[in-house]
Each structure stands twice: as C-alpha cells, then as structure tokens.
Amino acid sequence: MKRLANIFDLGSSIQYLSYYLPQLAMDNNLLAEQFVGKKAKELFDISGVKTRHVSAKGVLGSDLAISALELLQKENPNFSLKEIDFLIVSTLVLDYNSPTTASVLHHKLGLSSACGTIDLPQGCSGFLYSLSVAEAMITAGNARNVLILLGEVPTKAIHSEDIVLRSIFGDAGAAIVVSENNTNAIGKFTFATFGNGFDFLKVECGGGRNPIDEAWIKKYSDQENQLSFGRIEMNGLEVLRFALKEIPGFLEQTLVKNGLTLSEIDFFIFHQASAMILKSLQRKCNIPEHKFISNFEDVGNTVSCSIPIALKKAADLGNFKKGNKIVLIGFGIGFSCIGTVIEW
C-alpha cells in the first residue's frame, strides 16, 4: 500500500487483516425451522441475508477476536506479536465492566509491558474509530505497530422470537495490524454524531443506567442466559431514515476532506447494515454498482467487523489493484458516522 497525494507525508497503512466466523452457519432453511409457517425465501425477502454465523454458548466477542488473530498469524508467518506496541479492542460485549477487555487480552496474548491498551466499544463504527486512533498514534510518533481486535456477538442479545433481527445479525471477529511506514495509505477522517437518534437502536438493559434485575430474569426465563447481555431493540424505519438523510452528505464531506471526487474513487465499502440500506445508499449516492462492495447476504450485519470482512473478501477475490482508492464509511448505533479513504 502507498501514499495518497496531499494527505500526510508520513503515516501508516493496514499491514495485515483477517476475520473469523463461528462454525455454526445458520442459513435460511435452518432458521426457518425455528419459525412455524416461515420459509427460507420469506426470511431472505425480510433480511436480504442468506447465511449468518452464530457463536456457541459461552463464547464472547473477545474469543472471536482472538480466533481472528490466530488466523492472521497463520496467514502471515512473518508477523510477530512482539512488534505490537498498542492494542485497541472494540466489542459491545465486554468481558468485564472493569478492567478493560483490552487489558485482559493483553495478558492472554503475552504482549509487552510497554504496550498501551484501550477499549473502544463504538459498535458499527468501531473498526474505523479504532483505525483513526491507530493512525493518529502512529502519525504522532507514539506507536509503530497497532493491533486492532474486533469481536461481536449480537445474536446473544436478540430474543428468539425476533425474526427480523435474527435474520439480519451475525457474529464475527476480526484482527487488523496497522503499521508505520514512510508513505501513507490511510487518508483523513471525517466524524459525525447524531445523538438524538440513540433511542432508535440500542441494547435495552444490562448497563449502569438500567441494570438486569429479578423482573428481567423472570420475564426472559425462557431465553438463553435470560438475555443477560440485554436485548437489542431497533426501529428499522428510523435507522433507514437516518442513513438516507445523513450518509450521502457525509460521504461528500469525506471526499472533500481528502481532496477527491466521486469519480476518482475505485471502490466504496459502507458498513453492512442491511440490504435495503445498502441498496438505497448506493442509488442515492450515485455510486456505480460495480464499485459498490457488499457481502451482506453472506454474513449479515456483523457490527464492527462488517467493513473488515468486506475489505478482506474483496481483496482475496483479487478485486483490488495497486493504487486503487477505497472509501470506507462506518455508521450505526449512537448514531455515529466516520469515514476515510485508503489506497491499496
């Protein structure tokens, strides 16, 4: 990967990238068996997803992140954890309220005592927020090799009878290494937050403001673990409205900040939120279909892991050529937005 003109003289690039999907691949035939009268085609029509992966009982996001890292190590035998001097972990289900999950994984991985750690649980924007911190750390000279670990288990916070959310969401892990180099492949970042939309997509209960109590456990006694991680609630129409209202202009801001135009971009990867949102944004943003990367139907919405998975899959298929400019746009719970451009 090499530099983007007119951005930074020195910076960093994505050096390594891998992802992990749990063994249980729940296709629509398998999911339909759990809903009386539903057929696989109906589930696809509802969600636009053919298969989503579901983690086993007791598996947390940090476990999936470590599995992704193990794959990264196998795929890149020259990589060594000894090189890592900063660790960023993004997951919406932390191992503990305290200490940070990053500290726990630091110990499990045997990282250097000189390695910094931080949790960055930013949901669907988690990967790009983590990437922005890694880029800033390296550009400022405070780190040379940053390990980003992502792990999401949204299926553990979905009611068994919620056919829409069970159709859309899947579990996954991802591992990314961002390294210092003499050129720069990561562009400038744009940020936006629309906090007034926080109530339209949230995990109900489980936090300090509204902890799990006896009434909750009794109400959900028929659910696995009594939905002890909380329950995802989503107003799909409001999420769609937010995306269509804000993302087209936000994309333009990202291009302007990086001194680029829409026609100069080779590929676009947006957070894989839903089939409807992706198709609607592709049209509204006037992005040619062949430039718009989507693998939503293969894995569903994997929260912070969605962009890394789409990026890795496209790279493995040989879609990218040296010098290609790729726009990455993350958005979701919060409502938060973040965008950048990378050069392959």
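The values are calculated or read from the model by the stated rules, or taken from the named source; none is laboratory data. Not measured: the values here are computed from a predicted model. Every residue, glycine as well, gets a Cβ built from its backbone with ideal geometry; the counts of neighbours run over all protein chains shown. Note: areas computed on protein heavy atoms with side chains; ligands, DNA, RNA excluded. Shrake-Rupley method; radii C 1.70, N 1.55, O 1.52, S 1.80 Å.
Computed per residue of the chain from DSSP H runs no shorter than four, each worth -39500 (n - 2.57), the mean residue ellipticity at 222 nm is -9500 deg cm²/dmol. For region 54-123, relative contact order (Cα pairs under 8 Å, six or more residues apart, normalised by length) works out to 37 percent. Note on E42 and N235: with the Förster distance fixed at 22 Å, the Cβ-Cβ geometry gives a FRET efficiency of about 0.50. For a modelled paramagnetic label at S98, 7 Å from Cα along Cα-to-Cβ, the residues of region 105-130 in reach, with backbone nitrogen under 18 Å, are 105, 117-121. Beta-bridge orientation, the chain: approximately 70 percent antiparallel, per DSSP, counting only bridges with both partners inside. Across the cross-link table entries K57/K82; K245/K279; K245/K325; K291/K321, which are compared at the Cα atoms, the separations over 21 Å belong to K57/K82; K245/K325.
In the neighborhood of I46, defined by Cβ-to-Cβ distances under 13 Å, what is the net charge if each Lys or Arg adds +1 and each Asp or Glu adds -1? Numbers along the way, then the final one.
Details: positive: K38, K39, K41, K50, R52, R166; negative: E42, D45, D162, E297.
Summing Lys/Arg as +1 and Asp/Glu as -1 gives +2.
Packing order of peptides 111-121, 332-342, highest average first: 332-342, 111-121 (average count of other Cβ atoms within 10 Å over each peptide's residues). If the viscosity is 1.567 mPa s and the temperature 4 °C, what translational diffusion coefficient in µm²/s does Stokes-Einstein give for the chain when Rh comes from Kirkwood over Cα pairs? The estimated diffusion coefficient comes to 63 µm²/s. In this simple spin-label approximation, S112 and S228 carry label points 7 Å from Cα along the Cα→Cβ vector, and these lie 3.8 nm apart. Computed extension gain for K279 through I212, at 0.36 nm per residue and net of the alpha carbon distance, reaches 20.4 nm.
Could you tell me which of rounded, prolate or oblate describes region 123-276, using a ≥ b ≥ c as the square roots of the eigenvalues of the alpha-carbon gyration tensor, with rounded for a/c under 1.5 and, failing that, prolate when a/b is larger than b/c and oblate otherwise? Here region 123-276 falls in the prolate category.
What dipole magnitude, in Debye to the nearest 20, does region 40-133 give about its Cα centre under +1 on Lys/Arg Cβ and -1 on Asp/Glu Cβ?
200 debye
Computed extension length for V256-A56: 67.6 nm, one decimal, from 0.36 nm per residue of separation with the Cα-Cα distance subtracted. Spatially, region 136-174 and region 14-65 are offset by 14 Å when compared through their Cα centroids.
Taking only alpha carbon atoms, region 1-130 gives an Rg to Rh ratio of 1.07, where Rh is the Kirkwood radius. Rolling a 1.4 Å probe across the protein heavy atoms gives the chain an accessible surface of 45 Å² per residue. Heavy-atom surface analysis with a 1.4 Å probe gives the chain a carbon and sulfur content of 51 percent of its accessible area. Given R0 = 25 Å, the distance between the Cβ atoms of S160 and N29 translates into a calculated FRET efficiency of 0.90. If you add up the charges near K202, with Lys and Arg at +1 and Asp and Glu at -1, over every other residue whose beta carbon is less than 10 angstrom from its beta carbon, what do you get? Every neighbour counted, the sum reads -2. One quarter of the convex hull surface built on the alpha carbon atoms of region 214-344 amounts to 9.5 nm², the projected area averaged over directions. Amide H contacts of G11 (H built 1.01 Å from N, in plane; Pro and chain starts excluded): N181, T183 sit under 5 Å, all sequence-distant by 5 or more or on other chains.
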